[in-house]
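Where a number appears in this text, it was derived from the coordinates with a stated rule and is not lab data. Note that the structure is a prediction, hence the values are computed from the model and not measured. Cβ coordinates were reconstructed from backbone atoms using ideal geometry, including for glycine residues, and neighbour counts include every protein chain displayed.
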Amino acid sequence: MASLGAIATAPLKAKREGDKSAKSIVFMGVLWFTIFFSVLCLGTLLVNAFFDGWTRLDGNLITRYSSTVLPETAGARAAILGSALVIVMTAVLAIPLGVAAGVYLEEFADPRRWYNKIIEVNLTNLAAVPAIVYGMLTAGVALSIGLPRRVVLAGAIALALLILPVIIITTREAMRAVPREIREGSLALGATPLQTVWRQTLPSAVPGIATGSIIALSRALGEAAPLLLLGGLVFVSYDPNGLFSGYTVLPIQIYDWVKEPQLAFQQVASAAIILMLGLLLLMNAVAIVIRNRYQKRW
Amino acid sequence: MTSHTYSTRADSAEDDHEAAPRVEVNRDTRRSLPPDPKPIMECDGVDVYYGDFRAVTDVSLGFGHNEITALIGPSGCGKSTLLRSLNRMNDLIVSARVEGSVTFHGQSIYGKDVDPIEVRRRIGMVFQKPNPFPKSIYDNVAYGPRVTGMKVSSMDDLVEEALTKSALWDEVKDKLKDSGLGLSGGQQQRLCIARTIAIRPEVILMDEPCSALDPIATSRIEDLMIELRDEYSIIIVTHNMQQAARVADRTAFFTALAAEGSGDRTGLLVEYDLTTKIFSAPADERTENYISGRFG
């Protein structure tokens, strides 16, 4: 009986250089450099903002209104409240509409119909349309229906239009991730298509929809262009108190301060940038936590 | 209960170098069945199309009341497609279209004023891959009665009854609030059967219900089918000939043939008879070749 050792076999030792060849090393080097470069840019921005603004990360920043004469104690109170109100209104407008549209397109629309095909193509395009275009659209519509342009509602409409395609696409993707077997199982038990969506597919898709919506809202939070186009006010020294109130938001407030020549304005602008980045980070972190904790694995 | 073993072919003249595989037909021989089924459902000249592609051609057969009917045949012979057209699950595929007549108690299930929801409530379905909902075991079973608005005096009793009938109650009675996804594959499939039973259908369609299960779980499901036979009419698609031989009262053998005038293959019904007959003395040579393992 032959022992195992007698069986001839090729050694497992690597003959080729594999990942140690010059080409691989250069390629890896390029990959590392691109990562390094992007992180460096972000890092420079953060460090710069922090050194300029850390002295102004104080209570005044969130409790006081902006000022044209006293930059040392000026705050972003109106902008913080304005941002909060506009974002909440944006969510209220965009999420129900976007989710409903996504559910319709994914579950009920007949993909063979020409109008559904047109919607399909346009949706992807809309998600890539520059933000300012939504500002122009809203301004035009506001003018024709007699809605004042410079109020919270108009800003929220512009931002809602901006993130609507993203929410629709996110909803569709989250619904599509629910296995076909779940839908079939529900329908085979005598559930109607609507019951199936309401009781099975939509609840299973909620974590995905929530994650996508939060990320879309964080984009809206950082957006200044459409609101500037709507004539968003840059100097507001009162709290926004309703949908038809004048307002400003953090990005506009930062824009306004950065324009000023005095050093103290640059400092308070940097402090506001840190505050906004912190908020964005928080929102994205919440989105990631929701995704990791509630996403279903089938 | 006695069981009889039939060999597929008593003496093989051609296959002298290789004995024909023996297929065990384990039947309750007290059960005497008429040569023709007393049908609860009937197909008459059924063609199923996906777009221009004809997946099933001219199928006519009757599914016996309180009998188990097996649909067997090689892959691509249209048996699953036919099964899914029996409770209008094919409606969910936009390009699918059924021609010919499919009747349930003599009424066409594709009639103009027929509600597909009601069809699916009366003709339940168990799928190939166990597909419990991401809900508790209790809610999985209660789902059907809830969505169909069944009048039940006690949901708890109904859930217990369905789980008992599907031979799962003893294993899950202490964890009804646990997720159905936490069960083993075989338990999940019995949960899916329980969930189907809970809406009290008359017919249960099973699409390869054991193909994702191990032999022990498979055998439990087969025992369950035999028990359910007295109350329900069962139509099962299976790739496993032995399974058809073990559980089915009647067996329909399908094959895929190139359709006239096109290169596409289409599913045809070759032979439909009592399982004992199909596995002992098939009338068609193709059936014989298939069950003796020579193709498919």
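List the pairs from B:K135/B:K175; B:K135/B:K177; B:K129/B:K173; B:K135/B:K173 whose alpha-carbon separation is above 19 Å, in the order I gave them. Walk me through the numbers on the way to the answer.
Working: B:K135/B:K175 12 Å; B:K135/B:K177 9 Å; B:K129/B:K173 23 Å; B:K135/B:K173 16 Å.
Beyond 19 Å between Cα atoms: B:K129/B:K173.
Using a 10 Å cut-off around each Cβ of peptide A:174-187, what is the average number of partner chain Cβ atoms that fall inside? Intermediate results must be reported in sequence, preceding the final value.
Working: counts 0, 0, 0, 0, 1, 2, 3, 8, 4, 2, 7, 14, 5, 10.
Averaged over the peptide's residues, the number is 4.
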Angle between chain B longest axis and helix B:155-165 axis [Cα atoms, degrees, rounded to 10]: 30
Cβ-Cβ FRET estimate between B:R294 and A:F108, R0 fixed at 56 Å, reported to 0.05: 0.75
Protection proxy ranking, peptides A:42-48, A:71-77, average beta carbon neighbours within 10 Å, highest first: A:71-77, A:42-48
Helix A:202-221 vs. chain A, principal-axis angle (Cα, 0 to 90°, nearest 10): 50
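Roughly what % of DSSP beta bridges within the protein assembly as shown run antiparallel, to the nearest 5?
Taking every DSSP beta bridge with both residues in the protein assembly as shown, the antiparallel ones total about 60 percent.
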Two-site label geometry, A:L263 and A:A84: point separation in nm, points 7 Å out along Cα→Cβ: 3.3
Gap separating the Cα centres of the range B:45-108 and the range A:144-185, nearest whole Å: 40
Residue of A:T192, A:T248, A:T63 that the Gaussian network model of chain A assigns the largest fluctuation, springs spanning Cα pairs under 10 Å: A:T192
Crossing angle, helix B:185-197 versus chain B [Cα axis fit, 0-90 degrees, rounded to tens]: 80
Cβ neighbours within 10 Å from other chains - mean over B:123-130: 3
Intensity falloff of the protein assembly as shown expressed as log10 I(q)/I(0), Debye formula with alpha-carbon point scatterers, at q = 0.05, 0.11, 0.13 Å⁻¹: -0.38, -1.04, -1.24
Spin-label model distance (nm) - A:T9 vs A:L277, 7 Å beyond Cα toward Cβ: 5.5
Reference-scaled alpha-carbon Rg (2.2 N^0.38 Å with N residues) for chain A: 1.35
Per-bin percent of Cα-Cα distances, chain B [10 Å]: 6, 27, 33, 23, 8, 1, 0
Residue-wise HN-Hα coupling along the range B:208-219, computed from phi with Karplus coefficients 6.51, -1.76, 1.60 (Hz; x: Gly, Pro): 6, x, 10, 5, 9, 10, 7, x, 5, 4, 4, 5
